[in-house]
1. Could you give the alpha-carbon Rg of the range 57-97 over 2.2 N^0.38 Å, rounded to two decimals?
2. Any idea what the dipole of the range 123-222 comes to, in debye rounded to 20, about its Cα centre with Lys/Arg Cβ at +1 and Asp/Glu Cβ at -1?
3. Using r as the Cβ-Cβ distance of Glu60 and Ala224, and R0 as 30 Å, what FRET efficiency do you calculate, to the nearest 0.05?
4. Quick one: what are the phi-derived ³J(HN,Hα) couplings along the range 137-150, Karplus 6.51/-1.76/1.60 with θ = phi - 60°, whole Hz, x for glycine and proline?
5. With each pseudo-label sitting 7 Å past Cα toward Cβ, what's the Ala209-Asn261 distance in nm, one decimal?
6. Could I have the simple spin-label model distance between Asp117 and Thr76, label points 7 Å from Cα toward Cβ, reported in nm to one decimal?
7. Check Glu196: other-chain or 5+ apart residues with amide H under 5 Å from its amide H, H built from backbone geometry?
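Read-outs: derived from the displayed coordinates by stated rules, not from any lab. All figures in this text were calculated on a predicted structure; none of them were measured in a lab. Don't worry about glycine lacking a Cβ; one is built from the backbone with ideal geometry, like all the others, and counts go over all protein chains shown.
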Amino acid sequence: MVPLVVACPAAGDDDGSTNAGSEHASSEHGGSEHGSSTAPADTSGGSESGGMADPAATMEFFARIPGLWIGPLDSTTSVGDFPTMNMDVRAADGHTLFSRVDIDGGNNLRFAFVIEDHDGPTLVFRNGGYFLGILRDSRTVLAEADLEAERFRFCSIDMGCEYISAVFDFEGEDGLDMHVDVRGTTHFDWPATRAELRETDGPFPADDAVQPGDGPFPDMPSLAATLTWTTPGSGSSPITGYKVYRATSSGAETLWRTLGNVTSFTDTSVAPFSFSIGSTCVTARCPSP
């Protein structure tokens, strides 16, 4: 239910396509994207500022973003809108907050938040993953922060906010409105609610170490739900396969997968889904598993 990669397109690439390659070699410009950074302003009261020039803003963002966030995605990209997008942001290590959604075996979406070295320590939002076999790994830096309004704006490292602008507006303890513009045009809007809080194990980051500006996404196992069932008596109608339905609320099931004659299935999507199983057989009437 989250078949979308929302990483931003490469500069000069209107359709968002780019060549696949290693995760840490890809960039939003097809080359090195960490040669310069968006210069943050100094912090003063509730005014906007960003980067590690304002450690308080960085630490506040790290404190606000962990959790399982769920909400509808309004997208102007070619893949369209989706009723539910789920991102489970948690610590992948002592320095990186990370979320990954596996859409299927070849497509996934990843968010990462980490302090990297871009002409100095800077809070970075990485947005990427694989979509149709094409790798995305766009880096943006914290350019503005208003702690009173709980608003954080990340912008393209090399081309500034005019090229990529990703805004996180927190609303109370468990509300978030994420809005991304690319070249001044809305890319997507995601109003989300935090369904579960993800506590970090001790202080975060774990220490003052600054990560390199060209590192790969961290490894993180996907959350999974494994379903098993017993083969029903088929009578005179041999069973030829099963259909998996899932939903985020009772009575709203939709077809998720069509399987062969098996008795188990693993779903690696990250979401609080409920499931039901239906069988298919030679005749129109089939027994229920």
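1. Expressed relative to 2.2 N^0.38 Å, the Cα Rg reads 1.49.
2. Dipole magnitude for the range 123-222 comes out near 520 debye.
3. Step by step, r from the Cβ atoms, then E = 0.40.
4. 7, 9, 10, 10, 10, 5, 9, 9, 8, 10, 5, 5, 8, 6
5. For Ala209 paired with Asn261, the spin-label model returns 5.4 nm.
6. 3.8
7. Amide H neighbours of Glu196, under 5 Å, 5+ apart: Leu68.
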